[in-house]
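The values are calculated or read from the model by the stated rules, or taken from the named source; none is laboratory data. Keep in mind it's a predicted model, so treat the numbers as computed, not measured. No Cβ is skipped: glycine too gets one built from the backbone with ideal geometry, and neighbour counts run over all protein chains shown. Just the protein is used for accessible areas: all its heavy atoms, side chains included, with ligands, DNA and RNA removed. Shrake-Rupley method; radii C 1.70, N 1.55, O 1.52, S 1.80 Å.
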Amino acid sequence: MSTRIYITSAEGQAGKSSVALGVLAALRQHVERVGVFRPIARSTRERDYVLEMLLAHDSVGLDYDDCVGVGYDLVHSDPDAALAEIVARFAAVERQCNAVVILGSDYTDVGSPTELSYNARIAANLGAPVLLVLGGRRADGTGSRSPDEMRQIAELTTAELRNAHAGLLAIVANRAAAAELSSIEQAIRDSLDSPVRSAPVWVIPEDPFLVAPTVAALLAATESTLISGDPALLDREALGVVVAAMSMENVLPRLIDGSIVVVPGDRSDVLLAALLAHASATFPSLAGIILNGGFELPPQIERLIEGLHSNLPIARNGLGTYETALRITRTRGRLAADSQRKYDTALALFETHVDVERLRELLRLRPSEVVTPLMFEYGLLERARANRKHIVLPEGDDDRILRAASTLLQRKVAELTILGQEVPIRARAAELGLEIGEARILDPFDEQLHNRFAEEYARARAHKGISIVQAGDTVTDVSYFGTMMVHLGLADGMVSGAQHTTAHTIRPAFEIIKTKPDVSVVSSVFLMALADRVLVYGDCAVIPDPTAEQLADIAISSAATAEQFGIEPRIAMLSYSTGDSGTGADVEKVRSATALVRSRRPDLLVEGPIQYDAAADPTVAAAKMPDSEVAGRATVFIFPDLNTGNNTYKAVQRSAGAVAIGPVLQGLNKPINDLSRGALVQDIVNTVAITAIQAAMS
């Protein structure tokens, strides 16, 4: 039987979906196949966006239709038949999973006052312990609930669970008043009686950002049409509304960060004032402007706006000011699957305020021997977060870097310095709706550091005839500037390459950081996350045609990298020949390299020369090398040259659906890592986590 957990609440808008995301993340770090099940769907006519969001983050790839139990109509007409159908459909999902997160109904059905009781009945029949989510906001929207109000709700809801014979696993009070977290926790604990007195109680504070609607949602709600600005910025969340139906000098002091500004369409002066305030960086950054009333902008105003080159979305509708503002205030945000910042915020809140290890203990989770790509990626973030290091990101003018930085900071994976000009970088982050307030923004032309770096670089490269003037020019390059930060201990590691070549990224490291004392060459590996395990491939990115000595170095460095990431190193020195079956210069190079590894590191398990199939497949290994401790069980694959390694990792990545994480540079005194210029945001996040782990272990 799989691990099961039923997440339900006593009312709508308690934030169950954000709690469910946190539970999913906690399970995925230890469980191979995690599924999602929705016993009662919001609607049978349109897809349930909460279920779609959770399925986007599960690790099984279940079809939407398979994960839905029944609709409200069947629950109304025949509750017993609905329950039987739910149990049957859940069983089909469970057969494909090691753990299932079951998300209770959303209280959109106002005709069912006993909805919690029915959810409890479902949980009891599925044998799933209940994680009860209590809302910290009053249902009428008048503000936060007091500790005493939370105590009363806890008494009522736990009694209802008990009456339906559902087991209580734990309680999460969500969206609670930040100033009263401890008081609310104690009040809920006081409400519990035997046998649930020992159930954990966790309290998560309200975060207005999680319920903020996007600009796109507000345009839809107000029937507005975009007339100017960057459509990509419509995904930014709007944190408030400012009705600007007054003179310019009175509007400007009322602007708030992240707000949508409603301007009468015939008030061009206020429109231009809001645009200039947004661009000035001396006023709050706006999310967008809605012009109401249906007025067309005069041609000269349109020309003026065009000349400002503003990305700020400007839309127009035919409604009045009051109706526009009313529709905006009634629009509630969704924790959508495509909002990375909301996803990061929800997980950060959950990880900060919920004891994840205690939750796993309650669910009796045992770590799986299988390691999936999702499990490995989550493990990287968890390890980096446990020992936060300071990483420098030189390419601050790349949106992918800013998006990754937002995720890394919110998830507390690393401390960050971003290189570039502070005002444009922070302005762009604000436009994208990203939170990078904790990042340090550093200009490579910073006079104090520039002079210090120039002197140090000139000293380090004096043997090459580098003068202080030449050094001054060199260290303004972002790759050199970032490398100097690492060299002088101002950062623990560097990640670059989203906009620069590999050579541009790592050349400064060769000149300044240099290799470890026992290593003659810098090389690289890819961490290849297959469906059920993680392998190490080296070298696939740096050395075109290594010598036997260099191959031995690559193998030893790769074994050390494998150990850093929890992979037991069993090294296969690859060739087109296995054992003594072949001859030739290429085979002899691999044979010599294998002998060097055994001589220098007799503690390592290494086999070579060996073909890939004999290294990876136990059946082939039994025929070709039956007595080998590595054959058929290899975890570290060392390729004879860059051509073979680079093509093989890409072939495995594409044909086997593997996640290739890297290249991870190895052999340097301090960690510097390179990104592909086609790197995705998640690639950058993973690489920063890897660099932080390397820094912690160096």
The chain: calculated mean residue ellipticity at 222 nm from DSSP helix runs of at least 4, using -39500 (n - 2.57): -13000 deg cm²/dmol
Sequence-distant residues sharing a close amide H with GLY288 (under 5 Å, placed H): VAL261
Gap separating the Cα centres of segment 567-600 and segment 374-411, nearest whole Å: 37 Å
Taking the Cα atoms of segment 551-597 alone, what are Rg (to one decimal) and Dmax (as a whole number) in Å? 11.9, 36
Angle between the Cα long axis of helix 147-163 and the longest principal axis of the chain, 0 to 90 degrees, nearest 10? 80 degrees
Please work out the Kirkwood hydrodynamic radius for segment 1-125, using every pair of different C-alpha atoms, and report it in angstroms with one decimal place. 14.4 Å
Formal net charge of residues neighbouring SER144 (Cβ-Cβ distance under 15 Å; K, R +1; D, E -1): -3
Return the percentage of antiparallel bridges among DSSP beta bridges fully within the chain, rounded to the nearest 5 %. 20 percent
Loop-exposed chymotrypsin sites (Phe, Trp or Tyr not before Pro) per DSSP, neighbour cap 16 Cβ within 10 angstrom, longest uninterrupted part of the chain: 65-294
For segment 30-141, what % of the accessible area comes from carbon and sulfur atoms, probe 1.4 Å? 46 percent
Note to self: C-alpha centroids of segment 113-158 and segment 644-676 sit apart, in Å, by 48 Å
Return the Rg/Rh value of the chain, two decimal places, where both radii are evaluated on C-alpha atoms and Rh is the Kirkwood radius. 1.02
Of GLY71, ASN174, ALA616, whose Cα points farthest to the positive end of the dipole of the chain (charges on the beta-carbon: +1 Lys, Arg; -1 Asp, Glu; origin at the Cα centre)? ALA616
May I ask for the Kirkwood hydrodynamic radius of segment 630-696, worked out over all distinct Cα pairs and given in angstroms to one decimal? 13.7 Å
List the trypsin sites (Lys or Arg not before Pro) within segment 631-698 that DSSP assigns to loop and that have no more than 13 neighbouring Cβ atoms inside 10 Å. ARG677
When the Cα centres of segment 53-90 and segment 309-345 are compared, how far apart do they sit, in Å? 31 Å
Pull up all non-local amide H partners of VAL606: gap of 5 or more, or a different chain, and H-to-H distance under 5 Å with H placed in the peptide plane. ILE571
Rounded to 10°, Cα long-axis angle of helix 115-126 versus longest principal axis of the chain: 40 degrees
Give a residue-ordered list of calculated ³J(HN,Hα) values for segment 218-235 (Karplus: 6.51 cos²θ - 1.76 cosθ + 1.60, θ = phi - 60°; whole Hz; x for Gly, Pro). 5, 5, 5, 5, 9, 6, 9, 10, 5, 10, 7, x, 8, x, 5, 7, 5, 7
Let me know the whole percent of all Cα-Cα pairs from segment 62-201 that are separated by more than 28 Å. 25 percent
Under 15 Å Cα-Cα from LYS342, which aspartates and glutamates qualify once same-chain neighbours fewer than 8 residues away are excluded? GLU206, ASP207, ASP235, GLU237, GLU351, GLU435
Calculate how steeply helix 373-386 sits against the longest principal axis of the alpha-carbon atoms of the chain, using the helix alpha-carbon long axis, and give the answer as 0 to 90 degrees to the nearest 10. 90 degrees
Tell me which lysines have Cα within less than 26 Å of LYS464's Cα, excluding those fewer than 8 residues away on the same chain? LYS514, LYS516, LYS670
So, over other residues within a Cβ distance under 13 Å of SER183, counting Lys, Arg +1 and Asp, Glu -1, the net charge is -2
Net charge of neighbours whose Cβ lies under 15 Å from the Cβ of ARG570, counting Lys and Arg as +1 and Asp and Glu as -1: -3
